[in-house]
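The values are calculated or read from the model by the stated rules, or taken from the named source; none is laboratory data. Since the structure is predicted, the reported quantities are computational estimates derived from the model, not experimental observations. Quick reminder, even Gly has a Cβ in these numbers, built from the backbone with ideal geometry, and neighbours come from all protein chains shown. Side chains are part of the model used for accessible areas, which takes the heavy atoms of the whole protein and leaves out ligands, DNA and RNA. Shrake-Rupley method; radii C 1.70, N 1.55, O 1.52, S 1.80 Å.
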Amino acid sequence: MSDAAPDEGSEALSALLHETRQFPPPEEFTRQANAQPGIYEEAAADSEAWWATQAEQLTWDRHWDKVLEWDLPYAKWFVGGRLNAAYNCVDRHVENGRGDKVAFHWVGEPEGEARTITYADLQRMVCQAANGLIELGVEAGDRVAIYMPMIPEAAVAMLACARLGAPHSVIFGGFSSEALSGRILDADCRVVITADGGYRRGVASALKPNVDQALEQCPDVRAVLVVRRTGQDVSWTEGRDVWWHELVDRQPDQHDPVSFDAEQPLYIMYTSGTTAKPKGILHTTGGYLVHTSTTHRLVFDLKPETDVFWTAADIGWVTGHSYIVYGPLANGATSVMYEGTPDAGGRDRWWRIIDEYKVSVLYTAPTTIRTLMKWGEEYPDAHDLSSLRLLGSVGEPINPEAWMWYRQYVGRNRCPIVDTWWQTETGAILISPLPGITATKPGAAMRALPGISAEVVDNDGTPVGNGEAGFLLLTKPWPGMLRGIWGDPERYMETYWSRFPGSYFAGDGAKKDEDGDLWLLGRVDDVMNISGHRISTTEIEHALVGHPSVAEAAVVGASDPTTGQAIVAFVTVKGHVVAVGEEGAALVVELREQVAVTIGPIAKPRQILLTPELPKTRSGKIMRRLLRELATHGEIQGDTTTLEDFTVIAKLREAEEG
Ligand code: WTA
């Protein structure tokens, strides 16, 4: 753990903690919401029985014998139960006569490009893709890497894997070839599904070259299935590369799903931890599907016949897995899936999409809300947003200003906002208001959901009182929880279960306000949150030190008004290297590129400061809090490349050590 103790976060937040501004649930919700008062008590009385009731909403081929088997730190849910995730997400809706219902309104980034995919379409597509994967030799248990843009085939690829019991590992398209090969090797994936490229920020970007380069390190990958999305030229490895339209389109559009054990691995999702190596978070089938579908139904108050649900996230992150694919599809919902950026085709693109498809629930990240806010309310104001009835936020603490803007200009003061706290590891939402029950406060995630046990504790593990801050723990297992870190059981135990024995340590600080409601305060470890994306300081330091001129690097997250945190790197160079003037500036450019190549463009530091030394404590520990301070408030604003004013450091060091 780092030196960062949980604090009260931004000044604005702490000021508001003492305000009593609350918004009661609107009457429409108190009357009709899926979750009604009494649900918390009911779940608390017997949480396993409560989760079992939720599980009945899925279709099981074999009923479970036991709801939970808990052998710390390993949980098994719905033990003995058997089901097929893809059948639950697709086929059963068709069998129930809902084949014509739209599963996805897909909106491409280029204007005017759209596809409507019904559940019957999806069933055909998933069956064909599954048959294609079988032809490529994919069997239950094989890992398949997916590196794709936001196109329907990405969801189809995931579901085809799930149908075959082959765990997928989706890697966000913004990751570099090096990051890609690391993940492919770690999970020993034998097949990769990708596309020639995708549309992003108005241009066709390429994906296939990254795959080609990554696979130079991955000799065991035997097949690459490539969707033609942009039509750009790609290089081709005969015998390995196969076009999706050549292989999948000629497959039979029927495939009999077989059922798998509830604990069959469903997917691996890599996320940043506190070391240089990302963790492969493992999720399994039954509990995950129960948890995602239940939370989708209760938190977003899903009315499957009338709602149009839009999770504006990428399938490459867990939010896309749980609330674009598995949760909504298990519930038979209609979703919007949008390929591009919020300003492609104009800064009102999102509002046009909401109006055109009559989106009723919008779920996005605070960083995007802040960007939309910066562009100005004239954009949402110019559109009919009356279809919206509920708004959600995820990925980082939402500052009260952004919350209020979201409420006023997007929700037009009508729509409740659910601020949902969860993690890649938790699989689905754990802390959030319920729209028909919970009054909301701008910036607070409020309360653990029914069936979830959370606590805020001090350093010794003692629960804090109201008005106090501490570490967020989950004190009981939950159905969507990770089942481990791929290939690294020790790290699993060490990271989550050893700091506070018996409980899951989330790595987040939290505060209970005077009413006992929960406010999330951000990470307490060396993980940064940049625009809602988790990035490890250590991973970037590692990338920087990989450059021949670098002696040492320290990376911190500085507060940033738009992205939440911004990456700032302090770098010392080797003796012979000139780190001033033009040469220094050139080195900074090289180092930024080094990070982009090693991890991906999303990890490029906002600022790199070349400094003759790194401030350290007497015991030699880098003083990160000092660096964070300096990066946020220091006299180093602008694109300064050299940290010259060491009186600043001296002063800060005194403060920190004294
Ligand atoms: C942060 C994203 C405050 C938190 C689903 C967590 C949040 C990390 C919230 C997980 C929220 C997520 N309020 N902080 N509503 N939601 N976080 O794995 O620090 O990408 O530990 O999962 O994001 O990020 P991950």
Can you name the condition, by its number, that GLY327 falls short on among (1) farther than 17 Å from HIS93 by Cα; (2) within 16 Å of the chain's Cα centre (by Cα); (3) within 14 Å of the ligand (Cβ to nearest atom)? (1)
Of the conditions (1) surrounded by 15 or more Cβ atoms within 10 Å (Cβ to Cβ); (2) modelled with pLDDT under 95; (3) in a helix (DSSP H, G or I), ALA12 clears all except one; give me its number. (1)
Could you please find all residues in region 278-297 being in contact with a Gly (Cβ under 9 Å, 6 or more places away or on another chain) and away from the ligand (no atom under 16 Å from the Cβ)? THR285, GLY286, GLY287, LEU289, VAL290, SER293, THR294, ARG297
Mind listing whichever residues of region 395-417 are at pLDDT 95 or above and either in a loop (DSSP other than H, G, I, E, B) or near the ligand (Cβ under 9 Å from one of its atoms) (or both)? GLY411, ARG412, ASN413, ARG414, CYS415, PRO416
Confirm whether LEU180 is surrounded by 19 or more Cβ atoms within 10 Å (Cβ to Cβ), hydrophobic (A, V, I, L, M, F, W, C) and more than 25 Å from SER272 (Cα to Cα). no
So ILE429, is it within 9 Å of the ligand (Cβ to nearest atom), among the β-branched types (Val, Ile, Thr) and touching a strand residue (DSSP E or B) at 6+ places or on another chain (Cβ under 7 Å): yes
Given the criteria within 23 Å of the chain's Cα centre (by Cα) and either assigned by TED's automatic domain parsing to the domain that holds TRP51 or hydrophobic (A, V, I, L, M, F, W, C) (or both), does HIS93 qualify? no
Could you check, for region 259-267, whether at least one of its residues is among the small types (Gly, Ala, Ser) and touching a Cys at 6+ places or on another chain (Cβ under 9 Å)? no
Apart from one, (1) more than 20 Å from LEU388 (Cβ to Cβ); (2) open to solvent by less than 10 Å² (accessible area, probe 1.4 Å); (3) within 14 Å of the ligand (Cβ to nearest atom) all hold for PRO450; the odd one out is (3)
Counting only residues that are closer than 27 Å to TYR147 by Cα, crowded, with 23+ Cβ neighbours inside 10 Å and of a type outside the set (Ser, Thr, Tyr), how many does region 297-315 have? 4
Could you please tell me which pairs satisfy a Cβ distance under 9 Å, a separation of 6+ or placement on different chains, a first residue in region 420-432 that is outside the structural domain of MET481 (by TED's automatic domain parsing) and open to solvent by 10 Å² or more (accessible area, probe 1.4 Å), and a second residue that is aromatic (Phe, Trp, Tyr) and within 7 Å of the ligand (Cβ to nearest atom)? THR424/TRP317
Evaluation of GLY575 against (1) assigned to a loop (DSSP other than H, G, I, E, B); (2) touching a residue at least 40 places away in the same chain (Cβ under 8 Å) (one fails), failing number: (2)
